[in-house]
Amino acid sequence: MSELPEQVLQLKQKGNETLMAGHPLEAIGHYSEAIDLLESSNLPPNAIILSNRAQAFIKVENYGLAIMDATLAIDTDPSYVKAYYRRGTANYALNKFKLAKKDFLKVCKLKPKDRDARLRYSECDKVVKEMAFAAAIQSEETIPLSESYQPNDVIIAKGYDGPHPNGEVMVNGDLDKEDMLFEPGKLPMDFVMAAVQAFKDQKLIHKRYVARLLIHCKKYFQSLPSLTEITLPDQHDEESKIDHAPRITVCGDTHGQFYDVLNIFNINGYPSSENPYLFNGDFVDRGSFSVEVILTFLLFKMANPDCIHLQRGNHETKNMNRIYGFEGEVKAKYDDKIFDLFLEVFCELPLAAVIENKIFVTHGGIPVEPVSLEQVKKIKRGIEPPESGLMSDLLWSDPQPFEGKSPSKRGVGFSFGPDITEAFLEKNGLKMLVRSHEVKEEGYLVEHGGKTVTVFSAPNYCDSMGNKGAFIHFEKDCEAKYTQFEAVPHPDVRPMAYAAGMGGLFQ
Ligand SMILES: [Mn+2]
């Protein structure tokens with residue numbers, strides 16, 4: 001490998017330091033400068049810098065770009081082991097387990113004594129085999145766990161000191177009555193608030209209640225269309241104590257940052273019919289209080305379906321949960337069956353909402369060909385998102401500042417320009433697209449001449465990004481009003497603490 005100019009070495013060093021310190025976006029900036037400098041000086045690309053930038057891209061879920069960098073690194077220096085590692089990791093994240101397996105096999109060949117590489121290779125191999133098995137039994141009728149699970153058989157032991165939906169523990173003949181309390185609109189708000197308090201104190205609610213909640217949530221979400229139509233009243237009821245006009249609060253990614261979610265409620269009030277919320281996906285993963293976040297949201301939903309609207313993000317999926325912590329967290333706090341029930345609920349979450357027929361809200365973005373709201377409403381759910389198509393565009397796409405479409409930096413979905421946003425809004429008589437899915441320094445970012453807004457509600461994302469969080473108020477006139485907030489302290493459990501998948505490769 002040729003010697004690098006001093007300036008390139010310095011940029012590489014800065015990139016490494018910022019990446020280690022948990023600032024991948026900054027690191028990408030330094031590496032990119034180094035890569036551009038080499039190119040403009042007519043020097044060959046450098047495998048180490050490319051491979052390091054690939055690692056930074058993986059940190060921000062830009063798997064498509066990570067694969068491009070790692071591939072170029074491999075082309076530049078086929079003996080550079082780390083590049084195969086990086087590409088294998090990105091392929092794994094994109095569900096491309098066979099390709100990932102190939103990359104880790106290459107690592108094993110280049111470094112036969114590397115125990116880590118062998119572990120990762122066998123992890124890929126296991127998933128490939130599991131998937132082949134799942135495909136083979138798919139034609140057989142399989143009963144979902146939510147239909148065979150019997151919460152009544154789960155005994156609440158004497159030691160449990162958490163809240164009960166009926167105020168006290170119910171037994172035998174009363175268990176069916178207990179189950180009915182979890183039907184939509186019937187769950188007592190006292191129980192919800194007691195559960196939130198328990199979570200705050202780092203306690204959990206009993207597994208029997210969680211199972212009932214998830215089974216009822218699944219059924220309820222199944223009954224909803226893929227597009228939620230939200231309207232606001234002209235004014236509050238006469239007895240209302242609310243001192244502002246009717247409005248809805250739209251929040252972006254919360255990613256297991258339970259104490260920041262509580263802070264949102266602290267600033268903006270708890271969810272109620274008069275103070276409704278829309279949480280725009282990515283409730284779980286990354287933050288190590290994902291169980292608390294999703295349970296809080298689902299409890300509110302079943303206590304009062306009008307007080308909170310929930311829609312799916314790309315992290316409400318089996319594959320992301322395997323990598324980014326939620327699977328490990330649920331298994332640590334409950335068990336694998338509860339995790340499977342969560343996955344069933346996630347598959348039924350609505351995918352988008354429209355507020356007052358004017359504001360379209362979805363997690364990622366819109367497809368490059370304009371679709372009608374009717375088409376969005378009719379998307380078939382109950383599945384993990386396919387590799388492409390309308391559902392994956394809604395969950396995965398990102399806006400780009402220039403016109404047209406580009407392949408996604410993530411490797412799933414597309415990047416869509418202002419012209420694509422404009423065409424979609426015009427086709428449906430809409431005013432604005434609100435999406436989340438990307439961390440923003442100020443908690444929100446307005447793009448596409450005011451037509452696309454990103455809102456992100458996980459401040460100091462992963463305890464390291466230093467960003468603000470934000471939420472948006474929409475009143476009847478559909479003018480966006482932004483509120484920013486800072487991160488609050490949380491108990492000493494670091495983000496991704498439960499993300500043991502692939503030997504902690506994604507940590
Ligand atoms: Mn996302």
Worksheet item: Looking at (1) of a type in the set (A, V, I, L, M); (2) surrounded by fewer than 19 Cβ atoms within 10 Å (Cβ to Cβ); (3) under 17 Å from the mean Cα position of the chain (by Cα), which is the one condition that is false for Ile267?
Response: (3)
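Okay, residues lined up against (1) within 30 Å of the chain's Cα centre (by Cα); (2) modelled with pLDDT of 95 or more:
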| position | (1), (2) |
| --- | --- |
| Ser2 | no, no |
| Gln13 | no, yes |
| Asn46 | no, yes |
| Val60 | yes, no |
Item to complete: Look through Thr231, Thr249 and report the one residue that is over 18 Å from Phe300 (Cβ atoms) and polar (S, T, N, Q).
Response: Thr231
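So which of Lys427, Lys380 is modelled with pLDDT of 95 or more, among the basic types (Lys, Arg) and over 25 Å from Phe346 (Cβ atoms)?
On the way: Lys380 fails: over 25 Å from Phe346 (Cβ atoms).
Unique residue meeting the criteria: Lys427.
Inside the stretch 435-461, can you point out the residues that are assigned to a helix (DSSP H, G or I) and crowded, with 20+ Cβ neighbours inside 10 Å?
Residues of the stretch 435-461 assigned to a helix (DSSP H, G or I): 448-450, 461.
Passing the criteria: His448, Tyr461.
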Discussion item. Just the residues that are more than 16 Å from the ligand (Cβ to nearest atom) and outside any strand (DSSP E or B), please, taken from the stretch 462-482.
Written reply: Asp463, Ser464, Gly466, Lys468, Lys476, Asp477, Cys478, Glu479
Worksheet, complete the sentence: Checked Glu486, Glu479 against criteria (touching a residue at least 12 places away in the same chain (Cβ under 8 Å), acidic (Asp, Glu), surrounded by fewer than 22 Cβ atoms within 10 Å (Cβ to Cβ) and more than 28 Å from Ala54 (Cα to Cα)); the one match is Glu486
Item to complete: Inspect the stretch 66-76 for any residue being under 21 Å from Glu387 (Cβ atoms), of a type in the set (Val, Ile, Thr), touching a residue at least 60 places away in the same chain (Cβ under 8 Å) and out of contact with any strand residue (DSSP E or B) (no Cβ under 9 Å at 6 or more places or on another chain) and give the result as yes or no.
Response: yes
Worksheet, complete the sentence: Result of the Cβ filter at 7 Å on the stretch 226-245, keeping first residues that are under 28 Å from Ile383 (Cα atoms) and partners that are of a type in the set (Lys, Arg) and surrounded by 13 or more Cβ atoms within 10 Å (Cβ to Cβ), at least 6 apart or interchain, is Ser226/Lys377; Ser226/Arg381; Leu227/Lys377
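For the stretch 384-403, what are the residues that are within 16 Å of the ligand (Cβ to nearest atom), in contact with a Pro (Cβ under 7 Å, 6 or more places away or on another chain) and not small (Gly, Ala, Ser)?
We begin by selecting, within the stretch 384-403, every residue within 16 Å of the ligand (Cβ to nearest atom); these are 384-385, 391-399.
This time we only want the ones that are in contact with a Pro (Cβ under 7 Å, 6 or more places away or on another chain), so: 391-393, 395.
Answer for the stretch 384-403, where residues must be within 16 Å of the ligand (Cβ to nearest atom), in contact with a Pro (Cβ under 7 Å, 6 or more places away or on another chain) and not small (Gly, Ala, Ser): Met391, Asp393, Leu395.
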Worksheet item: If you go through the stretch 249-283, how many residues are away from the ligand (no atom under 14 Å from the Cβ), in a loop (DSSP other than H, G, I, E, B) and among the aromatic types (Phe, Trp, Tyr)?
Response: 1
Discussion item. If the requirement is being more than 13 Å from the ligand (Cβ to nearest atom) and in a helix (DSSP H, G or I), which of these qualifies: Ile366, Ile338?
Written reply: Ile338
Worksheet item: Taking the stretch 34-49 only, how many residues are in a helix (DSSP H, G or I) and crowded, with 17+ Cβ neighbours inside 10 Å?
Response: 6
Worksheet item: Only one of these conditions is not met by Glu316: (1) surrounded by 22 or more Cβ atoms within 10 Å (Cβ to Cβ); (2) acidic (Asp, Glu); (3) more than 14 Å from the ligand (Cβ to nearest atom); (4) assigned to a loop (DSSP other than H, G, I, E, B). Which number is it?
Response: (3)
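Would you confirm whether any residue within the stretch 42-57 is among the aromatic types (Phe, Trp, Tyr), within 16 Å of the ligand (Cβ to nearest atom) and either at negative phi or in contact (Cβ under 8 Å) with a residue 40 or more places away in the chain (or both)?
First, the residues of the stretch 42-57 that are among the aromatic types (Phe, Trp, Tyr): 57.
After this cut, where a residue has to be within 16 Å of the ligand (Cβ to nearest atom) as well, the list is 57.
Still in the list and also either at negative phi or in contact (Cβ under 8 Å) with a residue 40 or more places away in the chain (or both): 57.
Within the stretch 42-57 (the criterion being among the aromatic types (Phe, Trp, Tyr), within 16 Å of the ligand (Cβ to nearest atom) and either at negative phi or in contact (Cβ under 8 Å) with a residue 40 or more places away in the chain (or both)), the answer is yes, since at least one residue qualifies.
The values are calculated or read from the model by the stated rules, or taken from the named source; none is laboratory data. Please read these numbers as outputs of a predicted model, since none were measured by experiment. So basically every Cβ, Gly included, is an ideal-geometry build from the backbone, and we count neighbours across all protein chains shown.
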